[in-house]
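What follows is a short report on a single structure.
The values are calculated or read from the model by the stated rules, or taken from the named source; none is laboratory data. Please read all numbers here as calculations on a predicted model, not as lab measurements. Neighbour counts run over all protein chains shown; Cβ positions are idealised from the backbone, glycine included. Just so you know, the surface numbers come from the protein's heavy atoms only, side chains and all, with ligands and any DNA or RNA stripped out. Shrake-Rupley method; radii C 1.70, N 1.55, O 1.52, S 1.80 Å.
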Amino acid sequence: MQIPESIGKYVVQGILGKGATGVVLRGFDPGIKRPVALKVISKSLLDPADLDYVISRFRHEAEAVGRLTHPRIAAIYDFIETDEIACIVMELVNGKSLAHHLKEVTQYGFKDTWDIVRQVLDGLGYSHGQGVIHRDLKPGNILINDDGRIKITDFGVARIDTSTLTVMGDIVGTPHYMAPEQFGGQEATPRTDLYQVGVILYELITGTRPFSGNNVEILRRVMHDRPANPSTVNQKVTWQLDWVVQKALAKDPSDRFGSAREFSEALKNALEESMGGPLAAAAAAIAPASLPVGTASLMDKARLIAGAKDAGVMAGAGTEAVPVATFAVAGDTKKARVLFVDDEERILNALRTLFRSQYHVFTAENGALALEFVKRFGIHVVVSDQRMPGMTGVELLRQVKDISPNTVRMLLTGYSDLAAIVGSINEGEVFRFVKKPWDNAEMQKTVADAVAIAMELAATPPAPAETQEKLEASILVIDSSDALAEGLKSVMGDIAPVRLVATPVDAVKALAAEEIAAIVADLSVGQDGLITLFKILKAEHPEVLSILVTEASDSELVIELINQAKIYRFLNKPIQVRQLRGHVESALRKYRAFKQRPDLVRGQKPVESLQAKTSLWGARLFDSIRSLPERLFSKA
């Protein structure tokens, strides 16, 4: 095509690249003095039968990506169409593509791999949250700025370039990076993008792609073959990193990571395991931060005063008369203070209306403001949404736990993000997980339970300082092999004895024979039996803490176990030794606290499960569990 001197208001300054149906030009916006990239399609080079379809998709993708604003995504500024061309005006990235870099360095170290992939997942986490799927991720669509920052380009737009596409009906993509469902002509989902990131990850750590050959061979192998473990190519790769890559490249989308955040967290752990130490660069949050974490803006400080007045714990003084730093708890001290956190005003209004007659109700639209309320007003219960800009609910509840350990924490969310659900337990130690839309009666009962526990904890003296003496109670492992128990013995030393049993029935016998502080169980031993054991045991002996090892990706099951069995920690396979030790040590510290302060066990109260008691496994276990000796104190 002939290169014009200008396109619309944009001055053309040169050619950045060419394709079979168009060209990418360097442009300049004279109005605001900004350099841009102009991605241009020549209509004359398209098959007339495909013209309307291709241009409409080009326009649609421009509109979809044009609303995305994220530092990891190349911005789209404008769309121009004439009789001869269609043009997307994009952010100009000063750098080269990852494909260019891979030609120079075929295999990357673990730190460089992390710096690249975490940024890609960062951008994808945001775009998926906005409903935009890339569908054609490959090294050529990942640009690396001169300062190392990643920019993702061509969200679906690249599919129209027939020089790099495989076209089978409506099947489009770049063969080496296409997911099985794309070859099958199925609809792409966010997990399709995560598969393609998996291919890129494989290439970065091994210097080769998972499958090679011509297009037909690649199609067959992607659909039917399992790629070789990266460790067969790169001996520095551990089995955990192998697992992360294979999960990302699973044939069935439901077997892949559920979100970019989940992928990122698993990859970070696996790379650290392969490196034998922490990564130097901390992961960026998979959400744009509107405020520094934990920092309240001036506007938020004004909201603090307004929120305190609305909750009835502060007199009607104006903002000028009451410095924020002097806030103190006032109002009816016998009335619990409950904080609801959600970025949707309608949700906060509904919760305020439902609870304000019973409690001092505080509301916050972001995590930073919520933390200020917790610091200044002695909040008894925090109920937080998970998906919020700037700070997720899990991160907020983790910080609340650190600031105010006796504040009872609940996670409220309208979607089932497994990583977030597990994080709410492992990091935030939530009391309950509540799904939107909630039932008003159930919500009122759950908050009432949380308030009762929080008020009792607030009325009791602080726990004595933690002692480090050896714990006489044992750790019970439920597993069909001795690998987990032996591994636990090796990392725990003489902190506590480790016992091994193979079944839930044997576990109850062990609980009858000796004092057990914590149970570590592999769910593969028998899901129904273990779930019933945990539910009944927590109802009858809430002081015993359970750590569940699982490969399960069923978020509904995890929610059930959080609410009805009060599982203390979840540990995903493959097991990370450091994480296992950390979880068990945390459980033992908690158990020591229970022995010193029996009233703390009230926070372990589960939702009653009649189904567990009346099931076949319940019939086998219930009476035996009820008759277990009370080794520490009367039932809480």
Using a cut-off of 14 Å between beta-carbons, work out the net charge of the residues near Asp52 (Lys and Arg +1, Asp and Glu -1, Asp52 not included).
-1
Efficiency of FRET between Ala49 and Ala228 - r from beta-carbon atoms, R0 35 angstrom, step 0.05
0.25
What distance in nm separates the simple spin-label points at Asp599 and Ile495, each placed 7 Å from Cα in the Cβ direction?
2.8 nm
Spin-label point model (7 Å from Cα, Cβ direction): what's the Glu442 to Ala459 distance in nm?
3.0 nm
Rank these residues by their accessible area, most exposed first, probe 1.4 Å: Ser615, Ser384.
Ser615, Ser384
Rounded to the nearest 0.05, FRET efficiency between Leu557 and Thr69 (Cβ-Cβ, R0 30 Å) equals 0.25
Between Asn145 and Glu84, what is 0.36 nm times their sequence separation minus the Cα-Cα distance? Round to one decimal in nm.
18.7 nm
Probe 1.4 Å, all chains present, heavy atoms only: Phe355 accessible area in Å², nearest 10, is 0 Å²
Largest first, what is the accessible-area ranking of His134, His60, His128 with a 1.4 Å probe?
His60, His128, His134
FRET efficiency (Lys509, Gln186; Cβ distance; R0 41 Å; to 0.05) is 0.25
Subtract the Cα-Cα distance of Lys335 and Arg589 from 0.36 nm times their separation in residues, and report this length gain in nm to one decimal.
88.3 nm
Accessible-area ranking of Phe257, Phe110, largest first, probe 1.4 Å:
Phe110, Phe257
On full extension of the chain, what length is gained from Asn215 through Glu5, given 0.36 nm per residue of separation minus the C-alpha to C-alpha distance?
71.7 nm
With all protein chains in place and a 1.4 Å probe, Ser481 shows an accessible area in Å² (nearest 10) of 50 Å²
As an exercise, identify the chymotrypsin sites (Phe, Trp or Tyr not before Pro) in the stretch 203-247 lying in DSSP coil whose Cβ has no more than 10 other Cβ atoms within 10 Å.
none
The simple spin-label model distance between Ser524 and Ala452, using points 7 Å out along Cα→Cβ, in nm, is 4.1 nm
